[in-house]
Structure formats: C-alpha cells, structure tokens
Amino acid sequence: MITKIELPVRKIKPPASQVLPESRIFKTCKHILIKKTFLHIIILSCSIFVGISLAGAQVQSGSFNFMLKIMLSSHTPVINVPNAAKNFQHYLFLDARENKEFNVSHIQNARYVGDKEFSIAAIADVKKEQPIVVYCSIGKRSEDITLKIEKAGYTNVQNLYGGIFEWVNQGHPIYDNQDNRTDSVHAYSHFWGRWLDKGVKVYD
C-alpha cells in the first residue's frame, strides 16, 4: 500500500514595492477617461454652438471657414460677402484696418475708420439706423469695431465675414486711393496672407 504524502506549499509573496496597486491604477485611468470625455463634450458643444450661431456665414475655403468660426464671436452680427455685395449700394462700408492697408486698396466708397485709433467721432455724421458693414482683412479687427459701434447706439451694423480677403477671393472689385480698380491687396502678414487666394499680395 502506497501512502500519499502531501508536502506543504509555501506561498511566496512578492516584495511590497513589486505589488501593483490595482485599485490605484484603476482609479487613475478612470479619472483620465472622465476628464478626456468631459473635454470632448465641451469642445463638441462649443463647435455646435458656434456652428449654429454662424451658420449663415460662409467663405469658399473650408479651412478658412473653420478658422473663422473658431476666432470670431457668435455674439457679433455678421454678413457674408455675397449678401454684402448684392446689396452694396444699401450699406456704408467702414474699413477697420491700418492706413497703409487702406491706401493699397479698399472696397469702393469705403470710409476709413482704422483699428487701434478708431473713434466713434469718425461716424458722428452717420444716422443710428444706417445699415453699416465693417471689414478688415479677415474679420477679427472689424469685429471689435463692430461691437464698439453697436455700443454707441447704432442699430444696424454687421461684421463682414472673411473680410476684404474673401471679398477679393469671390471676385469683387477693390480700388486704390485714386479710385482706380486694382488687383493689389495688403495681405497684412505672410501668416494671414495665406487666406488670400486671389489678387496681388502686398506686405509693405
């Protein structure tokens, strides 16, 4: 008869430094996942909100349009180039760029009001209900001027979505200081000038 002998099994525990704190890892991963999910929800919500707010404003370039929707405020009234051009005679156009940019070219009959040096006195003779379109290179500087004009009590002022760059991109005319039609456009800088697809870019 064979007697079965059971030998004691010794359980070896790894050093405490080698033990993986599973609960801690799980909590950390869960925390990161929640943060990323929350961030994605915020970004998506903001994108949808801005997209709805500026739904009627479009430019021809998809990348340019995407950049504008991120940069521009949804609280500022905007008008797109086709509508501004269609009702050109109906609007007073205000140029909110630097003087050197205006001197290169501008929208016909536009009044120079500037950006940093802007004063509401520049349009003191304009009736509060006069339809106004403010523009700059792409629409960012003119957005600030649009808000200032609104605060001054003007009731029908809009920012030109895409600015003079998009005006030129869509084939509308621009004029120099002698009121002669020109193809030259001040591109502001090489970075921002990338959004100007047509015309002759001027940087000086």
Next on the checklist: Applying a 10 Å radius around every beta-carbon, put 165-174, 108-117, 140-149 in order of their mean neighbour count, most first.
Outcome noted: 140-149, 165-174, 108-117
Checklist entry - Leaving out ligands, DNA and RNA, what percent of the accessible area of the stretch 110-181 is carbon and sulfur, probe 1.4 Å? => result 47 percent
Next on the checklist: Report, in listed order, any pair from LYS151/LYS198; LYS100/LYS198; LYS100/LYS151 with a Cα-Cα distance greater than 31 Å.
Outcome noted: LYS151/LYS198
Checklist outcome for this item: The answer for the stretch 68-157, accessible area per residue at 1.4 Å probe in Å², is 46 Å²
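The values are calculated or read from the model by the stated rules, or taken from the named source; none is laboratory data. Predicted model only: the values in this text are computed from it and were never measured. Every residue, glycine among them, receives a Cβ derived from its backbone with ideal geometry; neighbour counts consider all protein chains shown. Surface areas here come from the heavy atoms of the whole protein model, side chains and all, with no ligands, DNA or RNA. Shrake-Rupley method; radii C 1.70, N 1.55, O 1.52, S 1.80 Å.
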